[in-house]
Structure formats: structure tokens, C-alpha cells
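Participant: Here you go, one structure.
Every number in this text was worked out from the coordinates using simple rules, so none of it is lab data. Because the structure is a prediction, the values reported are computed rather than measured. All Cβ positions, even for glycine, are placed from backbone atoms using ideal geometry, and neighbour counts span all protein chains on display.
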Amino acid sequence: MSKNSVFKKRRLLLAKYMEPNSTAIISSSPIQIRNNDSAYRYRQCSNFYYLTGFEKPDSVLLIYKDRSNSVAHFFSKQPNKHDSVWSGELLTSRKIQNIYGFDKCGYTENLELELYSYLKKSKSIYHSLSKQSDLMTLVDDCLQKIENNYRKGAELPSNHYSINKIVHKLRLIKSNEEIAIIKKACKISADAHINLMSKCKPNVSEKKLESQLLYDFGSNNATEAYTSIVAGGKNACILHYIDNSSNLKNGDLLLTDAACEFEYYASDITRTIPINGRFTQDQKLIYSLVLKAQKNAISKCIVGNTLQDVHKAAVRTLTKGLIDLGLLRGDYKSIVKNELYKKFYMHNTGHWMGLDVHDPLEYASDGKPVKLKPGMIFTVEPGLYIKADKDVNKRFHNIGIRIEDDILITKNGPDVLTSRAPKEICDIENIMNNIK
Ligand code: GLY
Ligand code: MN
Ligand code: MN
């Protein structure tokens, strides 16, 4: 299937869920300014990319549906001399139509006129525009114009829906094309973790290892899917530690949560390794517990279960293990009921993943947790974070461990897309000590 037919199919699917006589409005991401006149590298809005494949800013997609047919009308910035000098030649609307397969294409200077003509005949509007956006102002102006014509019988659209709700439902189940891209992202990320394992040693800086990861992503035409966490020793107990500004110490652990985005799709991996290449006995105890919790959680990743079932499996294993190790005192049931395990395990076990590392897809529908179906992709990432508290046995101080893999649900059970990155103690130690 050609690239533009993939995106076209998604637009038609979106239109199928729209009510008759309705308009959907969706905009590209704005350019984000870093400071003064310097911009961050541009990254298209995930929903916009999902429906268009178009990677440039200043563009808008309108989908109008009459009784049953829909038209996808795309607007882009007109090619001009300034852009051709400073940021590159823009495509003409004719070329865009040929490449991307929209039904109609025009330039944004005609957007208001066309938008007005669609909204005039619409009973419903679908959008998720922010109130402050220029496009929302344009929509408001059009609606005002329609209202002003009430004596001529003009009627305002009476239903306003969130377009995200529909698009996110579509994004929840990945197609074979999407799965293939995510598998590639996972492979690049897993290889980068393997490389990091071979380069990690005492006195190397977290920043240097972060740079190595970025190099490995970049040399595979990928970028970071999120800001890497490269956290040695006690830094691993800070959940969102992204300073990556310390030197690694002999005897400590290193937690690395880093993965790439490839062709717009994310991966998400965490591995925890001993900086000098050998786990201590106490580190092994905690590591083995997290690994056991992760395996138990992954065994629940089957059709019909929910992410809550997966989380509960991780919590059960971790809580039992923490009691056995004397890190939690009391009776298992009341520890779980009162969530006392949160002292050491304070986050959820997983999240949807796709175009965004945290895909903003629904976790519950009609008040019930979403059931797992083939084609869903999410992470399983239990951890334990033991700070140097006086009521905690010193031998476990500053141990922070997370093990994170990406899971595809298939009808035959979980497919661990990141299994290439070693997580068994002996495999990690062998790589770090160059033992084949
Ligand atoms: N890397 C972000 C997360 O694991 O959720
Ligand atoms: Mn994650
Ligand atoms: Mn992660």
C-alpha cells in the first residue's frame, strides 16, 4: 500500500465516524520558539501527521461530510521567495495533491472563505483547537458571520465535538505498517542500550553516555522519543532525572530510560545495569524482584485483560518481595489496600505508546478499563526506588531500578518488541565484561 493511501484510509475512517453534515478541522503544530528568533526543530502534531503524513507547519485539514460522502480539503502556505531563501522551497498545492492524495488543495489565504462555506452547511463541528489559536479565532469569526445571517435562515452548527476522541480511538489499534515502524524503532533503541552497556564504566559521565545514545539514534535516522534519563546511583531514585550531569561511581547502579523515535513512532526502553559490570548481592536481590514483577506483569498482557490487570500483577509481586526483604512491614492485604508499596513504587506499570511515547489514548471507556486487543502497544515498566531513609536498611540505600519493555498484543499473547535489549543479570554482566 502506498504511503498516501495509508493516510487516505485513515481520513475516510474518521469521516465514517462523523455525523452527516459536519466539518472536521485539524491544524498542524505551531513552530515552537526556543528564544528570541530561534526555533526548536519542527515536529508535526501527531494527530495531524496520522491523518495527512504532511510534515510542515502552517497547514490545515478540513474534512466535510454531507449525507454520506466526504471531501478532504487541505490548505498549506503558498510558496514564496522568503521561505525558499531561509527554510527551503514550499510545495505547490498541485504537487501536494499529487503526493498526499487529498481531494482538494489550496493555500491558507483562502482558508477563511472555504471554512465559512463548509461551516454554513454543517450541523456539527469536530475540532480540538486551543481557544487562543489563530485558527480558533478564524472559526469564531466564521460562526459569527453565520449568526449575523440568521434573518436569512442561516443556522449555527449545534454540536461541537472533540476530534481527538475519534482519532485517538483509531490510533489505539496499530496497523501492520505502524507495527513494522515501531519494531524498527525498538531495534535501534535496543542496540543503543547494548552499546551503552559495553561503554559504561566507573568515572564516565552520564552526559557522555547520553551523547552516545543520541549518536546511535541519529546515525540510524532517528531522534530521541523523549529526553533521556541517564541516572547513576541515587539519581535513579528521582523519577524524571534528566540533568544527566553526574559522574558514574564504582559500585553504583545506572538506570537508563532512553529510546528513539523513528519515522514519527516512539519506542521506550529502560535498563538498569551495574556501573562496574557486576551486581552486588543486595543489588541482585532488588533487581531480581523487579524483573520477576515485570515478567509476571507481561504474562498478563493477553487479549481481554486490561492495563489495570497488568499493573496489579506488578504490584502484587513487588509487595510480596518487599515484605520478604523486610522493606515493608505488615500484612500483605492491608499494604496493597492502603497502597503502602507506593513508598518504593509510585508510578503506573505502563502506558500506551505509538506516535507519542505516552500515546494520549483512552484508558477507560464508559467507565470501564479498556480491554486489550491485538494491535495495541504499550509499555510494562515496574521499578523500585529506595531512597536513603533512616527507616530503610542501609544495604538498600540509593538503589533505583526500572526495567521497561514495549509490548504488542497479539492473539497468541504478548510480543516483547524490545526483547533484544538484555535484562537477565548474567546477560548484562556478560556484555559488560565482554564475555561472548
Ligand atoms: N520514558 C518515559 C516513560 O517511561 O514513561
Ligand atoms: Mn514508559
Ligand atoms: Mn521510559
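Participant: So what are the radius of gyration and Dmax for the Cα set of segment 153-208, in Å?
Facilitator: Considering segment 153-208 through its Cα atoms, Rg and Dmax are 22.8, 77 Å.
Participant: Let me ask something else about it. Give, rounded to the nearest 20 debye, the magnitude of the charge dipole that segment 360-407 has about its Cα centre when Lys and Arg contribute +1 at Cβ and Asp and Glu contribute -1 at Cβ.
Facilitator: 260 debye
Participant: May I pose another question? If I take every Cα pair under 8 Å that is 6 or more residues apart in the chain, average their sequence separation and divide by the length, what percent do I get for the relative contact order?
Facilitator: Rounded, it is 13 percent for the chain.
Participant: With +1 assigned to the C-beta of every Lys and Arg and -1 to the C-beta of every Asp and Glu, and no other charges, what is the dipole magnitude of segment 21-76 about the Cα centre in debye, to the nearest 20?
Facilitator: Computed charge dipole of segment 21-76: roughly 120 debye.
Participant: Next question. Have a look at I26, A388, G101 and report the one farthest towards the positive end of the charge dipole of the chain, computed about the Cα centre with Cβ charges (Lys/Arg +1, Asp/Glu -1).
Facilitator: A388
Participant: Can you list which of the DSSP-assigned H helices in the chain have a Cα extent of 20 Å or more along the long axis and an average Kyte-Doolittle score of at least -0.5?
Facilitator: 134-148, 176-199, 281-299, 307-324
Participant: Please compare each pair in K183/K423; K56/K95; K199/K342 to a cut-off of 23 Å on the Cα-Cα distance and tell me which ones are over it.
Facilitator: K199/K342
Participant: Here is a follow-up. How many times 2.2 N^0.38 Å is the alpha carbon radius of gyration of segment 318-371?
Facilitator: 1.54
Participant: Note down the magnitude of the dipole of the chain about its Cα centre, charges +1 on Lys and Arg C-beta and -1 on Asp and Glu C-beta and zero elsewhere, to the nearest 20 debye.
Facilitator: The calculated dipole for the chain is roughly 960 debye.
Participant: Any chance you could check the Cα centroid distance between segment 112-187 and segment 44-80 for me, in angstrom?
Facilitator: 10 Å
Participant: Compare the peptides 311-317, 209-215 by average per-residue count of other Cβ atoms within 10 angstrom and give them in order, highest first.
Facilitator: In descending order of packing, they fall as 311-317, 209-215.
Participant: Roughly how far apart, in whole Å, are the Cα centres of segment 408-422 and segment 227-256?
Facilitator: Each part's Cα centre sits 27 Å from the other's.
Participant: Just the projected area, averaged over all directions, of the convex hull on the alpha carbon atoms of segment 315-436: how many nm²?
Facilitator: Average of the hull's projected areas for segment 315-436 equals 10.8 nm².
Participant: Just from the alpha-carbon atoms, what are the Rg and Dmax of the chain in angstroms?
Facilitator: Spelled out, the Cα radius of gyration and Dmax of the chain are 25.2, 83 Å.
Participant: In whole Å, what are the extents of segment 116-258 along the principal axes defined by its C-alpha atoms, from largest to smallest?
Facilitator: Cα extents, longest axis first: 80, 33, 24 Å.
Participant: Let me ask something else. When the convex hull of the C-alpha atoms of segment 263-377 is computed, what volume per residue in Å³ does it have?
Facilitator: Dividing the Cα hull volume of segment 263-377 by its residue count gives 136 Å³.
Participant: I need the chymotrypsin sites (Phe, Trp or Tyr not before Pro) found in segment 7-60, filtered to DSSP loop residues with at most 16 other beta carbons within 10 Å of theirs.
Facilitator: For chymotrypsin sites (Phe, Trp or Tyr not before Pro) across segment 7-60 that sit outside H, G, I, E and B with at most 16 neighbouring Cβ atoms in 10 Å, the list reads Y40, Y42.
Participant: Computed over the Cα atoms, what is the radius of gyration of segment 1-48 divided by 2.2 N^0.38 Å, N being its residue count?
Facilitator: Here the Cα radius of gyration is 1.63 times the empirical estimate.
Participant: Shifting gears a bit: Output the Kirkwood hydrodynamic radius of segment 1-135, Cα pairs only, in Å rounded to one decimal.
Facilitator: 15.7 Å
Participant: Okay, next question. Per DSSP helix of 4 or more residues, -39500 (n - 2.57); summed, then divided by the residues of the chain. What does that give at 222 nm, rounded to the nearest 500?
Facilitator: Result for the chain: -11500 deg cm²/dmol, rounded to the nearest 500.
Participant: Whole-Hz Karplus ³J(HN,Hα) for segment 50-60, in order, using 6.51 cos²θ - 1.76 cosθ + 1.60 and θ = phi - 60°, x for Gly and Pro?
Facilitator: 4, 9, 10, x, 8, 9, 9, x, 6, 9, 9
Participant: Just to confirm the filter: which trypsin sites (Lys or Arg not before Pro) across segment 12-42 are DSSP coil and have at most 10 other Cβ within 10 angstrom of their Cβ?
Facilitator: R41
Participant: Looking at segment 329-436, which chymotrypsin sites (Phe, Trp or Tyr not before Pro) are in a loop (DSSP not H, G, I, E or B) and have at most 15 other Cβ atoms within 10 Å?
Facilitator: Y363
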